[in-house]
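The values are calculated or read from the model by the stated rules, or taken from the named source; none is laboratory data. Note that this is a predicted model, so its numbers are computed, not measured. Note: ideal-geometry Cβ built from the backbone for every residue, glycine included; neighbour counts use all protein chains shown. To get the accessible areas, we keep the full protein, side chains included, count just its heavy atoms, and leave off ligands, DNA and RNA. Shrake-Rupley method; radii C 1.70, N 1.55, O 1.52, S 1.80 Å.
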Amino acid sequence: METLRPVRRTLLRDTAYEAIRDAIVRGDIPPGAPVRDADLADRLGLSRAPVRDALSRLAGEGLVESKPQSYTRVTRLVPGDVRDAAAVVRAMQELAARTAVPHLTDADITVMRAANERFRKATGRGDVAEALRADDRLHDVLVAACGNGAVAATVERYTPLIRRLEWRQFGTAGSAHGSAELHERLIEACAARDAEAAVGITAEIWRALEELADEPAEQEPAEQEPAGQEPAGQEPAEWKPAGQKPAEQKPAGQEPAGQEPAE
């Protein structure tokens with residue numbers, strides 16, 4: 001019985017939130033795409049309740065927008081919103097660096113170096129998802145070490161808006177190389193316990209993302225604002241959670257096309 005260990009419990013609403021958020025950030029559910037709680041619940045293998053909670057949270061974070069009795073859809077990528085979010089996150093990251101650097105351990109520096117190496121390798125092979133995970137891991141060392149819960153909560157709140165833009169940036173090797181070099185400079189400043197240098201480099205990293213928001217983006221398709229409900233048979237953009245098999249087709253006798261299940 002010694003092999004039995006407590007299993008990590010994850011709230012279903014958190015599972016739904018993370019899955020839908022990541023799909024939006026990656027562009028699997030594109031800007032302007034309608035999202036229905038029943039459809040998402042079916043694809044995630046969950047009930048509607050946690051999906052509704054997740055959509056409400058995503059609306060608060062600016063990734064989803066709703067009009068009562070009309071639609072819920074993914075927001076468009078608005079440069080001004082991304083720039084504002086990046087400015088807020090930059091201020092929080094600067095505060096985290098200023099507070100955390102004097103208290104960093106050698107183990108913290110080792111974690112940051114390993115994260116940047118993962119970042120460099122991931123961007124080199126075009127693995128954007130892994131690059132962003134490594135980027136998060138590196139900066140999370142400072143956020144955790146600063147011991148300020150408000151900083152951590154604010155960074156978590158606004159980072160998804162920025163990630164939508166970063167997904168595009170880290171898809172190019174040149175920009176990723178520059179990010180890795182900035183990371184290296186940040187790590188060296190942290191290793192020297194030079195808080196002011198770390199703050200300056202942190203500001204440089206996040207200002208680059210603010211500037212990225214001002215760069216011309218690919219034209220997004222015009223949104224079709226539904227009048228009431230969507231035309232019968234029209235489905236949102238196809239998306240399935242990672243690793244999920246396509247749903248089996250129902251045999252004859254299934255509900256008429258376009259008919260939504262009863263609430």
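Among the residues of region 87-110, count how many are closer than 17 Å to LEU142 by Cβ and open to solvent by less than 50 Å² (accessible area, probe 1.4 Å). Total meeting the criteria: 13.
When region 160-198 is filtered for residues that are of a type in the set (Gly, Ala, Ser) and at pLDDT below 95, the ones remaining, listed by number, are GLY171, ALA173, GLY174, SER175, ALA176, GLY178, SER179, ALA180. Is it fair to say VAL64 is touching a Leu at 6+ places or on another chain (Cβ under 7 Å) and crowded, with 20+ Cβ neighbours inside 10 Å? Yes; evaluated as a whole, the condition is true for this residue. Answer yes if at least one residue in region 80-92 is within 17 Å of HIS183 (Cα to Cα) and of a type in the set (D, E, K, R), and no otherwise. Within region 80-92, one or more residues are within 17 Å of HIS183 (Cα to Cα) and of a type in the set (D, E, K, R). Scanning region 116-138 for residues that are farther than 13 Å from GLU166 by Cβ, open to solvent by less than 10 Å² (accessible area, probe 1.4 Å) and without any contact (Cβ under 8 Å) to a residue 60 or more places away in the chain yields a total of 1. Is it the case, given these coordinates, that VAL141 is of a type in the set (A, V, I, L, M, F, W, C), open to solvent by 30 Å² or more (accessible area, probe 1.4 Å) and modelled with pLDDT of 90 or more? No; evaluated as a whole, the condition is false for this residue. Find the residue count for region 7-36, including only residues that are modelled with pLDDT of 90 or more and more than 23 Å from THR159 (Cα to Cα). Adding up the residues that qualify gives 1. Looking at region 67-86 only, could you name the residues that are at pLDDT 90 or above, open to solvent by 10 Å² or more (accessible area, probe 1.4 Å) and over 30 Å from ILE201 (Cα atoms)? Selection gives THR72, ARG73, THR75, ARG76.
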